[in-house]
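See structure below.
Any read-out appearing in this document is the output of simple, stated calculations on the displayed coordinates, not a laboratory observation. Please read these numbers as outputs of a predicted model, since none were measured by experiment. All Cβ positions, glycine included, derive from the backbone under ideal geometry; neighbour counts span all protein chains shown.
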Amino acid sequence: MDPGSHRHERSEKLGRRAAARTPGGVHSNVRLAGPRVYFSHAKGARVFGVDGEDYVDYLLGQGPAFLGHAPDAVLDAVDQASRRGLVFGGQHELEIEASEAVCEALGWPDMVRFGVSGTESVQAALRLARAATGRTRVIRFEGHYHGWLDNVLTQPGENGVWGAASAGQLDSHLEDFIVLPWNDADAVATALERKGDQIAAVLMEPVMVNAGVIEPLPGYLERIRELCTARGVVLIFDEVISGFRFGLSGAAGWFGVTPDLATYGKAMAGGWPVSALAGRAELMERFGTGEVNHSGTFNGSVMAMAATKATLECLRKDPPYDSIEEHGTALIEGIKEIATAHGLPLHVQGFPVAFHVSFGEAEVTDYRSLQQLDLMSYARFAQALVEHGVLVAARGVWYVSASHGREELSLALGRISRAMSEWV
Ligand code: PMP
């Protein structure tokens, strides 16, 4: 059923019930801004609501459903493997196979440590970088997201200075972080010149997907790589979104710049909660000697390893990257055409596999220039899109999966067109 003006009676009822037992009715604060629809099931590129409506999904669980929802190969692998036990608190062969698959797919790392969430793998990377360099400070960038923990969650204050983003989070947690504008290599060079002997790491999303899907300017990543190498600073790519989405070797492979450490999650395991920290042996070995602690009851669980292995097998044997490129390109063109026909100043940027949609006009290269767009109006329009059966995030990021085909394309464009007609 096409949602259109459909009422969400069951969703609303469930929402009221949830709110009694769960703060805000959601289990992740990111979802406070998301659609308050309850979903019953999902398959491929489609998600179904409890009121009988269906959605063409460009949210993809915030990224993990890269193969589409409920991919058979991953479900079968998890089902078969988990029948032999779910979690051993000890070693099993699938861990080795998944580690080999990750390192081979990425190409550059020697070793990998699995975790459960991107947030924790970022923390492991920071701890390792500090241990390896004996330094404390970290350069990071405006608008990049690295999880919800105290030392990485930031937002700009009224004075433009980046500080704590949550009540209960102390500014002192962020003291060791130097927040710079992204895509400005000179800013990094200057900071390293002034404080290079204190800087353990430079941490960034190699494509700033979380704010605007902004790509690195030509030569930017290369220059940061050189600067880090020259100063003995550990370069960490947070590829929790870009990993396996921008090709098997992630953004590092896409842009041809190799970090020292990188974090992965989302697309790596077909929807299963798994993250990874990958890196060169000389750094990673510190976990193995016990010098640097990285632990977790569910790290390397049977299901997680089976899902990772199966997902990477799918990506290697039947690479979806061309079909995603085709769908994403046609979708972007279609959205732009519809907007032009309706006289709407739509701004689209990024890549067919992950792009950002907003209203307004601006040359966007970093978080500050992104603010010139009308992000607030778009967030409201995103809600209208959801009402019309196109599931998208309010913050403007659209993801395309291996399961998006022609049928979804024409369905989505028809719904987007109707949403825009009502919007203008
Ligand atoms: N890093 C990046 C780049 C992310 O986009 C995210 C999540 N959106 C995280 C880290 C945190 O991952 P998780 O939500 O799995 O903890």
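Of all lysines in the structure, those lying under 22 Å Cα to Cα from Lys309, and not within fewer than 8 positions of it along the same chain, are Lys43, Lys266, Lys317.
With 0.36 nm allotted per residue and the present C-alpha distance subtracted, the Arg10-Asp150 stretch has 46.7 nm of extension available.
Residues Thr133, Thr154, ranked from the fewest to the most other C-beta atoms within 10 Å, line up as Thr133, Thr154. Length gained on full extension, Val87 to Arg380: 101.2 nm, using 0.36 nm per residue less the C-alpha separation. Within the listed set Thr311, Thr340, Thr136, the residue fluctuating most in the Gaussian network model of the chain (springs between alpha-carbon atoms under 10 angstrom) is Thr340. In the chain, the alpha-carbon atoms span a convex hull of 147 Å³ per residue. Using 1/(1 + (r/R0)^6) with R0 = 51 angstrom and r between the beta carbons of Thr329 and Ala281, what's the FRET efficiency to the nearest 0.05? Once the sixth-power term is evaluated, E becomes 0.85. Each of Glu361, Glu205 was scored by other Cβ atoms within 10 Å of its Cβ. Listed from fewest to most, they are Glu361, Glu205. Listing Glu193, Glu363, Glu95 from fewest to most neighbouring C-beta atoms within 10 Å gives Glu363, Glu193, Glu95.
The residue list Ala281, Ala252, Phe298 was ranked by how far each Cα lies along the charge dipole of segment 225-330 toward its positive end, using unit charges on Cβ atoms, and Phe298 comes out on top.
Using a Gaussian network model of the chain whose springs link C-alpha atoms within less than 10 Å, name the residue from Arg21, Arg31, Arg135 with the highest mean-square fluctuation. Checking each option, the largest mean-square fluctuation is seen for Arg21.
With a Förster radius of 51 Å applied to the C-beta separation of Gln198 and Asp322, the computed FRET efficiency comes to 0.65. Modelled label positions at Arg17 and Leu32, each set 7 Å beyond Cα in the direction of Cβ, lie 2.5 nm from each other. Available extension along the chain between Asp184 and Asp171 is 2.2 nm, counting 0.36 nm per residue and deducting the alpha carbon span.
Dipole check for the chain: with +1 at the C-beta of Lys and Arg, -1 at the C-beta of Asp and Glu, and the Cα centre as origin, the magnitude is about 1060 Debye.
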